[in-house]
Amino acid sequence: MQNAAERRPTLFLIVVLASLFLLMSANSRTRRVEDERTFLIRGVVQLFAPVLEAVDWAYVNVSDAWNGYFDMRTAVRENIELRRRLAELTAENVGLRGRSGDLSRMRAILGYSEQVDLPATLARVVMLDTGGRFKSLILDRGSDEGIRVNDPVLSAEGLVGRVVLTTPSVSKVQLILDGDSSVGVHFERTRRQGVVRGTGGNDLAMAFVPFTADVAPGDRVFTAGIDGVYPPGILVGRVTSVERGEDLFKTVRCAPATDFASLEDLIVLKARQMDPAAREFAP
Amino acid sequence: MTILRFAAGLVIAVAIHATLNKVAPGTLVYFNPYVILVTYQAMRSGSLSRVIALGALAGLVQDSLSISLAGANAFALTLCGYAVAYVSAKIALHGSVAFGACLAGSTLGVELIVWTLTSILIATPTPFAIDIWLARTVVTTLFGLLLLQSLRLVLGADIVTTEQRRRSW
C-alpha cells in the first residue's frame, strides 16, 4: 500500500479526497446526533484528550500560582463582605423556609407533583470554540461519568447547550449560539412559546413570533421543555430588540444569559439517564 | 522519523490551539496552527503521498476539536498540502520568503475550500467572511515565519534542500 501510494501519489490523493468527501456527506449537518456515525471523530478526540487535559492542568496551576498573592489580599476583603451577606441571607432564608412550607401545602391541595430533580455532574471546560461559524466546547467529563448525547449543559447564569458527542473521558457540547442550534422556549411574562435559534454570532434569534405577540425588550426567555432535549425552566436569555419582520412575524433578538467568553465549570444534567425514551424524540 | 516528527508537531499544534483557547480565545479566529504544520511538512518532505496522509490526519484532528463539518478541514489541508508539495518540488522553492508565500496561499486556500464545502453540504447559509480570512492569513503567516526562525535557531532545522527534493522525484 505504501509503495503503491508512493508510485501513484495523484491516485492516492483522489482516494483520500473521495474518502473525506464521503465522511463529510455522512456527517453533514443534516445528520442526527448519534454515536455510531461519529466513531472516527470520537477516536481522534479520545486520542488527543490527554493533550487538552495536560494544557488545562498546566493553565490552572500557573494561573493559580500567579493569582495566589492577589487572591489572598482580596480574600480578606471578601471575607468581611461575605460575613455581612451571610447574616442578611440567614434572615432571608428563615422567611423563605416559611413560604416554602406554605407552597408545599398549596401544591398538595391542588394536586401538583413536586418538580423532578435531575441527576447532574460538574464538568470543566477544556476547550472552547466560538470563533468560527460553529460554536462548541469540550468538557473534561465523558461517558464514564454517565454523560450521554443530548444531555443539557448549564452554567450558573443559564443554558449553555447540549452534548453532541461523548468519549469515555471527554464530551463535546454544541452551544446554543451555534447556527444549527434550536431550543424550545417561552417568555416568562406572557408564557408565549417559540423557538430560539443560534445566529452563528454572539446573540440568539427567535423564529416564528407572531406580529400580534406581546414581546418587549427586557423580557426573560426560559426553556419550555417542548423539544425533548431541555427540561423546562432554565433561563436562556433576555430579549434585546423587537422589530417588524417579514410577513406576519416579528424579528426578535435575545442576548444569552450565559457569558460564553468566561466559561469554566458547567453543570451537565443527566436527562437521558432519567428518561431513556426521550432520546427517540430528540432532534 | 518523519512520522515521529509530524506526530510531535501535531501534539504541539494541539497544545498551542488549547493554550491560546485558555489564555486568549479571541486570537484563534485569526490563527490556524494546523496549516503551518502541513505547509512546513509539505515543503520539507520529499514524498507527496506522505504529505497527503499527514494533511488528512492534521485536518481530522482540527475537525474533531470543533463541531465543524467533519472532514472539511481534512479535505482542505490535504489538497493545500499536496499543492504546496507539488509546486515547491517543481519550482524548487526554499527559504523563508517561499515558506511565507506558501503558508499565506495555504491558509487562504483552506478557508476558501472549507467555505465551499460547507456551503454545498450544509443547508443553512455560511457567511463569506473575507476580512476574517485575510486577517487569519496574515497572522498565521507571521506566526509561521516566527516559528520557522525559532526552529532554525534552536534545532538548526531548515526547509528541505533542492537536491533532497529532486532525489524524491
Taking only pairs six or more apart or across chains, which ones have beta-carbon atoms under 6 Å, a first residue in the stretch B:112-125 that is at the interface with another protein chain (Cβ under 7 Å from one of its Cβ atoms) and surrounded by 14 or more Cβ atoms within 10 Å (Cβ to Cβ), and a second residue that is part of a helix (DSSP H, G or I) and not aromatic (Phe, Trp, Tyr)? B:Leu117/B:Ala72; B:Leu121/A:Met24
Any residue in the stretch A:172-183 that is in contact (Cβ under 8 Å) with a residue 12 or more places away in the chain and more than 18 Å from A:Cys254 (Cβ to Cβ)? yes
Can you find even one residue in the stretch A:55-78 that is small (Gly, Ala, Ser) and modelled with pLDDT under 70? no
Within the stretch A:133-142, can one find any residue that is outside the structural domain of A:Ala58 (by TED's automatic domain parsing), open to solvent by 30 Å² or more (accessible area, probe 1.4 Å), part of a loop (DSSP other than H, G, I, E, B) and out of contact with any strand residue (DSSP E or B) (no Cβ under 7 Å at 6 or more places or on another chain)? yes
For the stretch B:67-78, the count of residues that are within 7 Å of chain A (Cβ to nearest Cβ), open to solvent by 10 Å² or more (accessible area, probe 1.4 Å) and at pLDDT 85 or above equals 1
If you scan the stretch B:61-80, which residues turn out to be without any contact (Cβ under 8 Å) to a residue 40 or more places away in the chain and in contact with a Gly (Cβ under 9 Å, 6 or more places away or on another chain)? B:Asp63, B:Ser64, B:Ser66, B:Gly71, B:Ala74, B:Thr78, B:Leu79
Within the stretch B:67-109, which residues are touching an Asp or Glu at 6+ places or on another chain (Cβ under 7 Å), in a helix (DSSP H, G or I) and either aliphatic (A, V, I, L, M) or over 30 Å from A:Leu177 (Cβ atoms) (or both)? B:Ala72, B:Ala74
Please go through the stretch A:1-22 and give me each residue that is at pLDDT 85 or above, within 9 Å of chain B (Cβ to nearest Cβ) and open to solvent by less than 70 Å² (accessible area, probe 1.4 Å), ordered by number. A:Phe12, A:Leu13, A:Val16, A:Leu17, A:Ser19, A:Leu20
Residue set B:Gly81, B:Gly105, B:Gly95, B:Gly109; condition closer than 18 Å to B:Ser45 by Cβ, within 12 Å of the chain's Cα centre (by Cα) and open to solvent by 10 Å² or more (accessible area, probe 1.4 Å); output residue B:Gly105
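The values are calculated or read from the model by the stated rules, or taken from the named source; none is laboratory data. Because the structure is predicted, anything quoted here is derived from the model rather than measured. Here the Cβ is made from the backbone with ideal geometry for all residues, glycine too, and neighbour counts use every protein chain on show. These accessible areas exclude ligands, DNA and RNA; they are computed on the full protein's heavy atoms, side chains included. Shrake-Rupley method; radii C 1.70, N 1.55, O 1.52, S 1.80 Å.
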